[in-house]
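Input: a single structure, listed below in structure tokens.
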Amino acid sequence: MGKKRKRKAPRYKSKPIPISVLSLAFLITIIVMYVLNIELPIPLVNNLNIVTNYRKLNTSLILYKVYSPNLQKDTLIQIDIAIREIIENLKNFTYLSLGIHRISKSRDITFINYMSSIILDNRKYIAYLVINKTFTGIPIAYIDANYTRSFDTIIDYYPYQFHFILRIQKCGIKLDLSKERNVRKFLIKIVNEDNSTKMIKVDNIVNKTYFFDICGDRIDVESYSSPIPLITIKTVSRYEHYLVLGESPLIILICTPILVFIFIKSFIKYRAMLKKV
């Protein structure tokens with residue numbers, strides 16, 4: 001007698017997920033994202049024409065310490081800063097005093113922590129070192145509105161090495177919306193280097209120019225525009241763009257009937273297939 005062949009166990013193939021289930025899940029997902037006001041990043045190329053300017057620069061300089069290992073005797077030294085605007089042939093200086101200090105020969109490092117401040121117009125400047133009322137011509141730092149936090153600079157002037165800390169805050173914010181038609185509202189975030197934040201919100205645009213008398217290390221502008229009716233795009237400092245689903249009902253109005261139609265049609269087709277089995 002021949003050997004009986006073993007019957008192979010039937011193979012069960014996993015059934016694909018019905019389209020009706022996928023369409024329903026997609027619809028629920030969109031509704032939840034709309035309710036939660038989810039913001040989706042979008043790759044837009046066009047930047048909004050909102051011009052941000054600052055009227056003043058609140059400039060603070062700290063003489064943190066003086067390093068003088070080769071000093072032969074105790075010395076009184078007067079330290080000043082000469083600030084000049086970067087314009088060709090301009091020789092006018094604004095002087096900022098950092099005081100008169102005694103530097104001891106017995107210590108390599110003298111900690112001073114003396115601060116002086118000045119408010120400048122929003123232009124570009126160079127700060128120079130002045131020792132005992134003598135202009136050294138040694139630049140300490142450039143001063144402009146591009147800084148977002150304080151920074152250190154170390155200057156050598158034999159037999160001294162000076163360690164300065166500079167902080168340049170932007171003051172008097174001006175927003176110009178004259179070239180932008182679609183902006184409906186905006187939010188200004190004033191962020192300081194200690195992470196303290198203040199926000200100014202304007203919900204209804206009625207003017208083309210806005211002024212805010214406030215200072216901060218970093219100024220971020222979030223604007224909300226509607227290039228298409230019922231669609232809201234958030235732009236962060238002109239370069240990052242987000243689709244605000246909670247303020248874009250057009251997405252729901254378009255997707256809901258399409259997904260409901262797909263769900264009903266695929267569900268009817270799926271039930272008809274089950275009856276034939």
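The values are calculated or read from the model by the stated rules, or taken from the named source; none is laboratory data. Computed from a prediction, not measured in an experiment: that's the story for all the values here. Quick reminder, even Gly has a Cβ in these numbers, built from the backbone with ideal geometry, and neighbours come from all protein chains shown. Accessible surface areas use protein heavy atoms only, side chains included; no ligands, DNA or RNA. Shrake-Rupley method; radii C 1.70, N 1.55, O 1.52, S 1.80 Å.
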Discussion item. For a Förster distance of 41 Å, can you work out the FRET efficiency between the beta-carbons of residue 220 and residue 136, rounded to the nearest 0.05?
Written reply: 0.60
Worksheet item: Per residue, what accessible area does segment 208-254 have, given a 1.4 Å probe and all protein chains present, in Å²?
Response: 47
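Once the piece of chain linking residue 101 and residue 72 is laid out straight, how much longer is it, given 0.36 nm per residue of separation minus the C-alpha distance between them? Numbers along the way, then the final one.
Numbers: separation 29, 0.36 × 29 = 10.44 nm, distance 1.62 nm.
Gain in length upon complete extension: 8.8 nm.
Taking the Cβ-Cβ separation of residue 182 and residue 85 as r and a Förster radius of 25 Å, what is the calculated FRET efficiency to the nearest 0.05? Provide the component values of the computation, followed by the final result.
On the way: r = 37 Å, r/R0 = 1.49.
It comes to 0.10.
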Item to complete: Using θ = phi - 60° and the Karplus relation 6.51 cos²θ - 1.76 cosθ + 1.60, list the HN-Hα couplings for segment 79-85 in order, rounded to whole Hz, with x at every Gly or Pro.
Response: 10, 10, 10, 9, 10, 10, 6
Worksheet entry | Förster radius 30 Å - calculated FRET efficiency between residue 206 and residue 260 (Cβ-Cβ, nearest 0.05) | 0.15
Fill in: Whole-number D in µm² s⁻¹ for the chain, Kirkwood Cα-pair radius fed into Stokes-Einstein, 10 °C, 1.306 mPa s
64
Item to complete: Using just the helices of the chain, give the 222 nm mean residue ellipticity in deg cm²/dmol: DSSP H runs with n ≥ 4 each add -39,500 (n - 2.57), and the total is spread over all residues, rounded to 500.
Response: -5500 deg cm²/dmol
Discussion item. What's the ranking of 241-254, 95-108 by average number of surrounding C-beta atoms within 10 Å, highest first?
Written reply: 241-254, 95-108
Worksheet, complete the sentence: Taking 201-210, 185-194 and ranking on average Cβ neighbours within 10 Å, highest first, one gets 185-194, 201-210
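Considering only protein heavy atoms and a 1.4 Å probe, what is the carbon-and-sulfur percentage of the accessible area of the chain? Mind showing how you got there, number by number?
Working: 10330 of 18280 Å².
About 57 percent, which is the carbon plus sulfur part of the accessible surface.
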Fill in: Cross-link pairs 124/179; 105/133; 124/185; 208/234 - those with Cα-Cα distance over 28 Å
124/185
Worksheet item: Which translational diffusion coefficient, to the nearest whole µm²/s, is obtained for segment 27-177 from the Stokes-Einstein equation, given a Kirkwood hydrodynamic radius over C-alpha pairs, 37 °C and 0.692 mPa s?
Response: 177
Item to complete: Output the peptides 140-148, 28-36 sorted from most to least packed, where packing is the average of other Cβ atoms within 10 Å over each peptide's residues.
Response: 140-148, 28-36
